[in-house]
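What follows is calculated from the coordinates using simple rules that are stated; it is not laboratory data. Model, not experiment: these values are computed from the prediction. Here the Cβ positions follow ideal geometry from the backbone for every residue, glycine too, while neighbour counts run over all protein chains shown.
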Amino acid sequence: MRHFISIADLTREEALSVLATAEHMAQTQSRALRKLPTLVGSTVVNLFFEDSTRTRISFEAAAKRLSADVINFSAKGSSLSKGESLKDTALTLQAMGADAVVVRSASSGAAHLLAHAGWIDQPIVNAGDGAHEHPTQAMLDAFTLRRHLRPGDPTAGLDGLHVVIVGDVLHSRVARSNVLLLTLLGARVTLVAPPALVPVGASAWPCTIRYDLDAALADSPDAVMMLRVQRERMVGGGFFPTEGEYSRRYGLTVARAAALPDHAIVLHPGPMNRGFEIAGAVADSPRSVIVEQVASGVFVRMAVLYHLLATDAREAPRDR
Ligand code: CP
């Protein structure tokens, strides 16, 4: 792998290889000495134009546990607020000796532009670009699903599983990356959303789209992934459901969670709107793997950095 921009760039074998490395990283993290010397001398830059808690901190933790140096760069307080371009920012990072750049942006395609515009030679990792993709989130979700639903086989895909993804699909980069990755790994995916929160073009995605949550949950899913309602992206005439109406029709309430199959698990990428798309009691229930998803994120991001930067892991670079 040269960059990690989109799940659409991965083969099933590449996705399974990253998951296998993440499993190996998880084993190392349960030992007393958690810091590995793998990336000593490398510098990872976290370039975040949008707010983040989980992704930014877990990339930082992942890089540090592989002994890389980390530079955290946020738009606030930088020369970006004085109008500096993405190109000049990239040239500055290259001049400072970045070996990999992890980028989050509100603009779909920002990571792809950084990787392919010719401004910077280093591997680029997409930490979320607009409503397009969040590939490491999908990888950590697949990792968590596999640990619970295909335990004991760290080489397995997700063949035969049924995952229901619910909520604000329109603004969700998590939904698109998960549809691509979970189906690549053999799962069946159903998206459930109000009609106004389904993106144009989603009918071409490799999944089923439904508008009735109770009907979808009656189909005995193995996992339910709730999406955050991204009200901050609905400014200027979007979809403004009342919380009560949305929760009644699309929220994962205690009653809906209780009716799931015994083995079914509940995921949410965070941050959560408790009491809106998911009841607090469900988020805190034994079915919930939401906190575990955060821990999985460190292992998966260690694996991605390893595949991009460790000299023994790199294949011959190929442009994507
Ligand atoms: N899931 C996720 O991307 O969370 P953050 O926005 O906190 O990084």
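Give the Cα extents of the chain along the principal axes, in whole Å, largest first.
In descending order, the Cα extents are 54, 49, 35 Å.
What angle do you read, to the nearest 10 degrees and between 0 and 90, between the alpha-carbon axis of helix 290-309 and the longest principal axis of the chain?
Between the helix axis and the principal axis of the chain, the angle is about 30 degrees.
Report the net charge of residues surrounding HIS171, where surrounding means a beta-carbon distance below 11 angstrom and charges are Lys +1, Arg +1, Asp -1, Glu -1. Write out the running numbers ahead of the final one.
On the way: positive: ARG173, ARG176, ARG228, ARG231, ARG233; negative: ASP168, GLU232.
Result for the local shell: +3.
LEU252's amide H: which non-local residues (gap 5+, or another chain) put their own amide H closer than 5 Å, with H modeled 1.01 Å from N in plane and none for Pro or chain starts?
ILE278, ALA279
Which one, ALA218, ALA204, ALA295, has the greatest fluctuation when you compute a Gaussian network model over the chain with C-alpha springs under 10 angstrom?
ALA204
Using a Gaussian network model of the chain with C-alpha springs under 10 Å, which one of LEU305, LEU33, LEU252 is most mobile by mean-square fluctuation?
Fluctuation is largest for LEU33.
For the chain, what is the mean residue ellipticity at 222 nm derived from helices alone (per DSSP H run of n ≥ 4: -39500 (n - 2.57); sum divided by total residues; nearest 500 deg cm²/dmol)?
After summing the helix terms and dividing by residue count, I get -11000 deg cm²/dmol.
Counting other beta carbons within 10 Å of each Cβ, put MET96, MET1, MET226 in order, fewest first. If you can, show how the numbers build up before the last one.
Values: MET96 11, MET1 20, MET226 27.
Going from sparsest to densest Cβ surroundings: MET96, MET1, MET226.
Could you pull out every residue, at least 5 positions away or on a different chain, whose amide H is within less than 5 Å of the one on ARG2? Hs are placed 1.01 Å off N in the peptide plane, and Pro or chain starts have none.
Amide H neighbours of ARG2, under 5 Å, 5+ apart: ARG318.
Run down the aspartates and glutamates and flag those whose C-alpha is under 18 Å from the C-alpha of LYS82, throwing out any fewer than 8 positions away in its chain.
Candidates past the 8-residue exclusion: GLU50.
Quick query: amide H of ALA100 versus all other amide H atoms, modeled in the peptide plane; which residues come in under 5 Å with a sequence gap of 5 or more or a different chain?
THR43, VAL45
Lysines near LYS35 by alpha-carbon distance under 28 Å, same-chain residues fewer than 8 away left out - which ones?
Within the straight-line cut-off, LYS35 pairs with LYS64.
Dipole magnitude of the chain about its Cα centre, charges +1 at Lys/Arg Cβ and -1 at Asp/Glu Cβ only, in debye to the nearest 20? Please report the intermediate quantities before stating the final value.
On the way: 32 positive and 32 negative charges, 83 e Å.
For this selection, approximately 400 debye.
Select from PRO195, PRO286, PRO221 the residue whose mean-square fluctuation is largest in a Gaussian network model of the chain (Cα-Cα springs shorter than 10 Å).
Sorting by GNM fluctuation, first place goes to PRO286.
Mind checking which aspartates and glutamates have their Cα closer than 14 Å to the Cα of LYS87? Skip sequence neighbours fewer than 8 apart in that chain.
Straight-line reach from LYS87, under 14 Å: ASP121.
So what J values fall out for the range 8-13 if you push phi through Karplus, 6.51 cos²θ - 1.76 cosθ + 1.60 with θ = phi - 60°, rounded to Hz, Gly and Pro as x?
Residue by residue, the range 8-13 yields 4, 7, 8, 8, 4, 5 Hz.
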